[in-house]
Each structure stands twice: as structure tokens, then as C-alpha cells.
Amino acid sequence: MTLSVAVGMMCACNGGGQNGDNDSINIVGLDSLPQIVEMEGIVGDGSSMNQLELIAPNGDTVYVSTPGEMVMGGVRAGDKMSVVYFVNKDENLANVAVNLSALQHVWTQKGIDGHKQSLELDANGVAVTYDMNVEYNAWELKNGCLLLHSPKNVASEKGNIVDTFHIMKLTDEELVLIHGNLETIFTLDN
């Protein structure tokens, strides 16, 4: 799926020149804009911190360059990974890469009152909150962001609420999320 835009239009502006001539812009075409792809796959044995080998659900293998240490959660063969990347000519260049296997745990923090509260993200997209002032029942990753869904309250006219969090850090021990101006730090619950 290559996004191609072919524009063959003439744009004329009258009265723009000193001599009253028509100024014109001729746009002949844009034949290759980078395509943005979001995919999930399994990390293959040929992966490193600078190159992901992703095995798609249909069995195809895709190689994505991951400059620097931009893979959230690390790279381990066999882990499930979500990657947003640009296809530019013959190169796939990652914009965001999140290790879903590393994300799927029970994450804990101290609440405002000092008590432990937790967020569980499971492999089936189910989210469970423990002792939190908000209830989440589902999660997904879109464009590298963690979306947490709250169930519809039967007594309320409001529908399902979705909170969007930017993943700032994901390691074997820590998950740091940003929602608006609020930073939330979780640690892995052992």
C-alpha cells in the first residue's frame, strides 16, 4: 500500500505581478510519500537493538530499523512487539516500538493516600485496576500510545471513556506514563 498523490493542477493568481502578468504555480506530482504502518508481530532471532526482525501473524517477516535505544521494553526473541514505522523507499524506519510482552504485567504505585494501587494489563487486552480511583476494563496500543478504556456507567449518560497515555519509559522494573501534564510512575509488582 503505497500512498501516492498525483496532482496535476494549475494555480493562477491575477494581479500579483508588477506587469499584471499571471503568476502561476505548477504542481506536477508527488509520487512517493512515506507510508506509515502500524503492526504487531513476534520478535525474531535476527533482531538487535538497531534492527527488529518481526514475524507478522500471516508468517511474513518484516525488518525495521530502530535507531538508538527507542524500543520500549527491550528486544527479546519470542516477545510480542507493536511497531509504528515509516516505509521510505527500501527502508522501514521505526517511529515507536513497544514490547507488548514487557507491558503485560501488574504495575503498582503508591496512591495519594500512601496505599498501594495497581493496574493489570493482560495478554487479551483486559485491564483491571486494584484500589485505584478510576476503573479500567480494557487496554490497547494505538500509534505507540496506551489507551485505557473505562466501562460505561449504567447510571450515567456518558459512554465508554478512553484515557490516552504516552509511554515514556518501559523496562523490566518500571513503567512511566504521561497523561496531559500528569506523569505516573509504576513499578513491576512481584
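The values are calculated or read from the model by the stated rules, or taken from the named source; none is laboratory data. Source: prediction; values computed, not measured. When we count neighbours, we look across all protein chains shown, and the Cβ atoms used for this are built from the backbone with ideal geometry, even at glycine.
Right, V96: over 22 Å from E140 (Cα atoms) and either in a loop (DSSP other than H, G, I, E, B) or out of contact with any helix residue (DSSP H, G or I) (no Cβ under 6 Å at 6 or more places or on another chain) (or both) or not? If you could, list the steps in order and put the result at the bottom.
On the way: over 22 Å from E140 (Cα atoms): no; either in a loop (DSSP other than H, G, I, E, B) or out of contact with any helix residue (DSSP H, G or I) (no Cβ under 6 Å at 6 or more places or on another chain) (or both): yes.
Criteria not met by V96.
Is it fair to say A94 is surrounded by 18 or more Cβ atoms within 10 Å (Cβ to Cβ), outside the structural domain of T164 (by TED's automatic domain parsing) and among the aliphatic types (A, V, I, L, M)?
Numbers: surrounded by 18 or more Cβ atoms within 10 Å (Cβ to Cβ): yes; outside the structural domain of T164 (by TED's automatic domain parsing): yes; among the aliphatic types (A, V, I, L, M): yes.
It is true that A94 is surrounded by 18 or more Cβ atoms within 10 Å (Cβ to Cβ), outside the structural domain of T164 (by TED's automatic domain parsing) and among the aliphatic types (A, V, I, L, M).
What is the residue count in the stretch 166-183 for residues that are more than 18 Å from the chain's Cα centre (by Cα) and either within 17 Å of M132 (Cβ to Cβ) or in the same structural domain as R76 (by TED's automatic domain parsing) (or both)?
Number of matching residues: 1.
Counting only residues that are assigned to a loop (DSSP other than H, G, I, E, B) and either aromatic (F, W, Y) or modelled with pLDDT of 90 or more (or both), which one in the stretch 69-93 is nearest to S48 (Cα to Cα)? Break it down into steps so the answer makes sense when it comes.
Just the residues of the stretch 69-93 that are assigned to a loop (DSSP other than H, G, I, E, B), to begin with: 69-70, 73-79, 89-90.
From what is left, the residues that are either aromatic (F, W, Y) or modelled with pLDDT of 90 or more (or both) are 73-79.
Details: G73: 13, G74: 10, V75: 7, R76: 9, A77: 9, G78: 13, D79: 13 Å.
The selected residue is V75.
Here is a check on your reading of the model: is V87 assigned by TED's automatic domain parsing to the domain that holds S47 and surrounded by 13 or more Cβ atoms within 10 Å (Cβ to Cβ)?
Working: assigned by TED's automatic domain parsing to the domain that holds S47: yes; surrounded by 13 or more Cβ atoms within 10 Å (Cβ to Cβ): yes.
Yes.
Of the conditions (1) under 21 Å from N99 (Cα atoms); (2) modelled with pLDDT under 95; (3) touching a His at 6+ places or on another chain (Cβ under 9 Å), V162 clears all except one; give me its number.
Failing condition for V162: (1).
Between residues in the stretch 50-68 that are in contact (Cβ under 8 Å) with a residue 24 or more places away in the chain and part of a loop (DSSP other than H, G, I, E, B) and residues that are of a type in the set (G, A, S) and surrounded by 11 or more Cβ atoms within 10 Å (Cβ to Cβ), which pairs lie under 7 Å by C-beta distance while being six or more apart or on different chains?
Sorted first by the residue in the stretch 50-68, then by its partner, the pairs are T66/A94; T66/A97.
Would it be correct to say that N133 is at pLDDT below 95 and not assigned by TED's automatic domain parsing to the domain that holds L177? Steps first, please.
On the way: at pLDDT below 95: yes; not assigned by TED's automatic domain parsing to the domain that holds L177: no.
No.
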